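Here's the structure we're looking at; comments come further down.
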Amino acid sequence: MSETLDSMSRTLVLKCYTDKIYPCTGYHIESNCVLTNKKITINFIQVITPDFCLLTPGPASTFFNFTALANGVYTIELNLWGSTISGQLTISAGSYKVTIPQQSRIQFIDTMLNRIPDNTIFGTVDYTTSSNATTAQSFIDSLQFYGATPFKLQQGDYGQFQIDSSGQIIPNPGSGYNFTRYYIFNYSGNSAPLKSMVKWYGNNYNGSLYIRLNTSKGETFISW
């Protein structure tokens with residue numbers, strides 16, 4: 001499960017993959033989905049062999065998008081090759097949670113996905129040498145100058161980041177930079193000053209700092 005953010009609505013995405021790895025990327029799961037009242041029915045039909053695909057092994061896949069689902073409890077029925085697995089999808093302001101019986105046909109990597117709250121900004125400041133630490137911190141301090149305030153999220157997976165038991169973003173070891181500062185704030189103001197500030201740091205510290213700022217409206221501002 002993942003959640004796509006934009007300024008108008010939010011979309012729950014179910015990304016479905018086969019456990020089997022095929023000889024090249026591009027195999028597709030033929031499927032369909034019906035949403036009626038409080039029931040989601042997904043039918044997995046067959047795996048389609050592509051006419052052309054990249055010569056990299058990978059699973060077959062299909063994605064389902066559910067935009068602006070109301071909070072509540074949904075029955076979820078998953079049909080595949082003669083088997084039916086029924087469970088529940090519970091949507092609240094804070095999370096998506098799937099409950100299905102234990103079996104071997106359908107597995108969710110995570111049955112709980114926390115939702116990024118409204119009025120949230122988050123991101124990273126990457127840099128290659130320790131001498132840039134003060135400048136990286138000055139960017140984070142500047143966010144608070146514009147009205148961003150620290151806050152802590154509950155521990156768990158939020159799709160775009162994970163939060164540990166202390167309320168901090170868990171570092172990603174594969175960032176590719178020697179040093180990374182993570183930040184997350186509550187911010188209810190206009191995004192324009194943030195965009196301008198990221199651009200200013202990019203113009204003045206090009207090659208020294210690499211800033212990424214994301215908002216709960218689905219915006220992304222980068223300094224390079």
Return the residues of region 11-24 that are of a type outside the set (S, T, N, Q) and open to solvent by less than 40 Å² (accessible area, probe 1.4 Å); say none if nothing qualifies.
L12, V13, L14, C16, Y22, C24
Scan region 61-76 for residues that are loosely packed, with under 15 Cβ neighbours inside 10 Å and assigned to a strand (DSSP E or B) and jot them down.
F63, N65, T67, G72, V73, T75
Within region 183-206, the count of residues that are aliphatic (A, V, I, L, M) and either modelled with pLDDT under 95 or loosely packed, with under 14 Cβ neighbours inside 10 Å (or both) comes to 1
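Report the residue count in region 169-182 for those that are aliphatic (A, V, I, L, M) and open to solvent by 80 Å² or more (accessible area, probe 1.4 Å).
Of the residues in region 169-182, 0 are aliphatic (A, V, I, L, M) and open to solvent by 80 Å² or more (accessible area, probe 1.4 Å).
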If I filter region 208-218 for residues that are in contact (Cβ under 8 Å) with a residue 12 or more places away in the chain, within 23 Å of T4 (Cα to Cα) and among the β-branched types (V, I, T), do I get at least one hit?
yes
Within region 25-60, track down each residue that is under 24 Å from Q88 (Cβ atoms) and surrounded by 15 or more Cβ atoms within 10 Å (Cβ to Cβ).
I29, S31, I40, T41, I42, F44
Out of the residues in region 151-168 that are over 17 Å from the mean Cα position of the chain (by Cα) and open to solvent by 20 Å² or more (accessible area, probe 1.4 Å), which is farthest from M112 (Cα to Cα)?
F151
Here is a list of conditions, (1) open to solvent by less than 60 Å² (accessible area, probe 1.4 Å); (2) at pLDDT 95 or above, and Q137 meets all of them except one; can you say which number that is?
(1)
Kindly establish whether L209 is open to solvent by less than 60 Å² (accessible area, probe 1.4 Å) and either at pLDDT below 95 or over 24 Å from N114 (Cβ atoms) (or both).
yes
Quick check on my filter: what residues within region 128-176 are within 18 Å of V198 (Cβ to Cβ) and touching a Lys or Arg at 6+ places or on another chain (Cβ under 8 Å)?
A136, Q137, I140
Go through region 78-124 residue by residue and tally those that are open to solvent by less than 90 Å² (accessible area, probe 1.4 Å), in contact (Cβ under 8 Å) with a residue 60 or more places away in the chain and in a loop (DSSP other than H, G, I, E, B).
7
Identify the single condition in (1) touching a Leu at 6+ places or on another chain (Cβ under 8 Å); (2) modelled with pLDDT under 95 that V98 does not satisfy, given that it satisfies every other one.
(2)
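The values are calculated or read from the model by the stated rules, or taken from the named source; none is laboratory data. Since the model is a prediction, treat every value here as computed from it, not as a measurement. Virtual Cβ from ideal backbone geometry, glycine too; neighbours counted across all protein chains shown. The protein model used for the area step is the full one, side chains on, heavy atoms only, and it has no ligands, DNA or RNA in it. Shrake-Rupley method; radii C 1.70, N 1.55, O 1.52, S 1.80 Å.
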